[in-house]
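Here the structure is laid out as structure tokens; the discussion comes afterwards.
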Amino acid sequence: MPKTIPDLENLPTGALVSVPDLAKRWGKSVKTVGERWPQDEALEMPEFTYIRGRRYMSAGKALEWERKLPDLIAANKRQTGYALRPKATETA
């Protein structure tokens, strides 16, 4: 059974979302979301919470950052040549 894209809008703001789930939602690799983007200061990505060595971000912070993407797309594209685009959420 394929894993669905997390629906950040309907999660409590304090709920923790894993890096693989965020990568799936944003249509990027786990390495990009968990390692590359946090190193890019222009993206102003929120910090991760570490639990037993795994990275998580609160749904509220992830959604807030995602909503800033239209402003960040231009900055990221200038720096890296790649545009940031979240995947559309799947509806049941």
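The values are calculated or read from the model by the stated rules, or taken from the named source; none is laboratory data. This one's a predicted model, so the numbers in the text were calculated from it and none came from an experiment. Using ideal geometry, Cβ is built from the backbone for each residue, glycine included, and neighbour counts are taken over all protein chains shown.
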Enumeration of residues in segment 1-35 that are surrounded by 15 or more Cβ atoms within 10 Å (Cβ to Cβ), of a type in the set (D, E, K, R), modelled with pLDDT under 90 and not in a loop (DSSP other than H, G, I, E, B): K24, R25
How many residues are modelled with pLDDT of 65 or more and among the polar types (S, T, N, Q) if we restrict to segment 58-80? 1
Scan segment 53-68 for residues that are part of a helix (DSSP H, G or I) and touching a residue at least 12 places away in the same chain (Cβ under 8 Å) and report the count. 8
